[in-house]
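K.L.:
My questions all concern the structure below.
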There are 2 protein chains.
Amino acid sequence: MMDCKKALAATAGDLEKAIDELRKQGLATAQKKSSRTTKDGAVDAYIHAGGKIGVLVEVGVETDFVSRSDPFKEFTHDLALQVAAASPQWVSRDEVPAGVVAREKGIYAEQVKGKPDNVLEKIVTGKLEKFFAESCLMEQAFVKDPDRTIEQVRTDLVGVIGENVEVRRFARFQLGESAAEA
Amino acid sequence: MMDCKKALAATAGDLEKAIDELRKQGLATAQKKSSRTTKDGAVDAYIHAGGKIGVLVEVGVETDFVSRSDPFKEFTHDLALQVAAASPQWVSRDEVPAGVVAREKGIYAEQVKGKPDNVLEKIVTGKLEKFFAESCLMEQAFVKDPDRTIEQVRTDLVGVIGENVEVRRFARFQLGESAAEA
């Protein structure tokens, strides 16, 4: 609340600018806290479509007290909804196996072959960024507010709760997909 | 209900024997149905200990109608509770990697070395059975009724609902264990 009032005063009552200001503060806080270990946290679950999709998420935070706070609980719940709706395959791009990246790059290069090298390079890079944005949870557009990525939602939460937040892992079960795999 | 009455009549009112009779019928039904494909089913979740443990389970059954029935829902819920409480590592012994079995056997053989071969063989087999009974979900004693294994609970359910039931997979997240692994 105090931060909101201060931000509104600093931007002479311009709400949009005040929000930007708060988000910048959140980012600054998030960067400061990003090296702090998350010893506590929570596991949350979400069942979608009458039991046809199920999701588990694990999110770390610094204290048990904050892990039981409403903003944190809202985040873990939103995260589980996100995984159910947007089917990410990895938490972040660091987790994407090198072989997958190489295969994607090969496909993109094949699609645009014949173009000059510098153009080709640019297109491949662009397509790869799009691939990460779709398949990595932290880079996905938040389904409840597509102007923010999940990483931005996380950063905003760090600004609110003042503790580091770490999205550790998720599992997504869609009925029948395991039978199809086998 | 009709099955219960018939079983009680057949055993001259002996309740224990009637239950045995019903379980045998359930087993016979289960064996008959075990080859039938489970096209439908449900994913269920359970959060334990205030968000410190989370479980997902996927269970197949033949029809959507039965997947929404109370006995089936009770089973998926009990299964999720079981995974939370008893931490199985695999669904069945078929899934245990050969390397794990070999390592376990090696440890047991080391523990009883010096004994005659036939005694050693018996002890190792016994210990391995115990390992499967503890680490494989279907062989675990049901926490809510330790006289039955999960496989027996499944078989009993098949007898009740008259459709094949397949425990497909589970996931169990315990807060902090992923950080410890990394």
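K.L.:
What are the residues in the range B:60-89 that are more than 10 Å from every other protein chain (Cβ to nearest Cβ) and open to solvent by 60 Å² or more (accessible area, probe 1.4 Å), if any?
P.N.:
B:Phe65, B:Asp70, B:Glu74, B:His77, B:Ala85, B:Gln89
K.L.:
Evaluate the following for A:Thr29: is it of a type outside the set (Asp, Glu) and in a helix (DSSP H, G or I)?
P.N.:
Numbers: of a type outside the set (Asp, Glu): yes; in a helix (DSSP H, G or I): yes.
So A:Thr29 passes the test.
K.L.:
Within the range A:28-59, which residues are touching a residue at least 60 places away in the same chain (Cβ under 8 Å) and within 7 Å of chain B (Cβ to nearest Cβ)?
P.N.:
Answer for the range A:28-59, where residues must be touching a residue at least 60 places away in the same chain (Cβ under 8 Å) and within 7 Å of chain B (Cβ to nearest Cβ): A:Gly41, A:Gly51, A:Lys52, A:Ile53, A:Gly54, A:Leu56, A:Glu58.
K.L.:
Would you say A:Lys17 is open to solvent by 10 Å² or more (accessible area, probe 1.4 Å), within 12 Å of another protein chain (Cβ to nearest Cβ), assigned to a helix (DSSP H, G or I) and not hydrophobic (A, V, I, L, M, F, W, C)? Show your work before the answer.
P.N.:
Details: open to solvent by 10 Å² or more (accessible area, probe 1.4 Å): yes; within 12 Å of another protein chain (Cβ to nearest Cβ): no; assigned to a helix (DSSP H, G or I): yes; not hydrophobic (A, V, I, L, M, F, W, C): yes.
In short, no.
K.L.:
Looking at the range B:156-169, which of its residues are more than 9 Å from chain A (Cβ to nearest Cβ) and at negative phi?
P.N.:
Of everything in the range B:156-169, those that are more than 9 Å from chain A (Cβ to nearest Cβ) and at negative phi turn out to be B:Asp156, B:Leu157, B:Val158, B:Gly159, B:Val160, B:Ile161, B:Glu163, B:Asn164, B:Val165, B:Val167.
K.L.:
Quick one: in the range A:110-140, which of the residues that are small (Gly, Ala, Ser) and farther than 15 Å from A:Ser92 by Cβ is surrounded by the fewest Cβ atoms within 10 Å (Cβ to Cβ)?
P.N.:
A:Gly114
K.L.:
Limited to the range B:57-72, what total is found for residues that are acidic (Asp, Glu) and over 13 Å from A:Lys52 (Cα atoms)?
P.N.:
Looking only at that region, the number is 2.
K.L.:
Please tell me if B:Lys113 is away from every other protein chain (no Cβ under 14 Å) and part of a loop (DSSP other than H, G, I, E, B).
P.N.:
yes
K.L.:
Within the group B:Gly126, B:Gly159, B:Gly114, which residue is touching a Gly at 6+ places or on another chain (Cβ under 6 Å), more than 17 Å from B:Ser87 (Cα to Cα) and not charged (D, E, K, R)? Working first, answer last.
P.N.:
Values: B:Gly126 fails: touching a Gly at 6+ places or on another chain (Cβ under 6 Å); B:Gly114 fails: touching a Gly at 6+ places or on another chain (Cβ under 6 Å).
After ruling out the rest, the residue left standing is B:Gly159.
The values are calculated or read from the model by the stated rules, or taken from the named source; none is laboratory data. Note that the coordinates shown come from a computational prediction; the quantities given were computed from them, not determined experimentally. Neighbour counts run over all protein chains shown; Cβ positions are idealised from the backbone, glycine included. Ligands, DNA and RNA are excluded from the accessible area calculation, which covers all protein heavy atoms including side chains. Shrake-Rupley method; radii C 1.70, N 1.55, O 1.52, S 1.80 Å.
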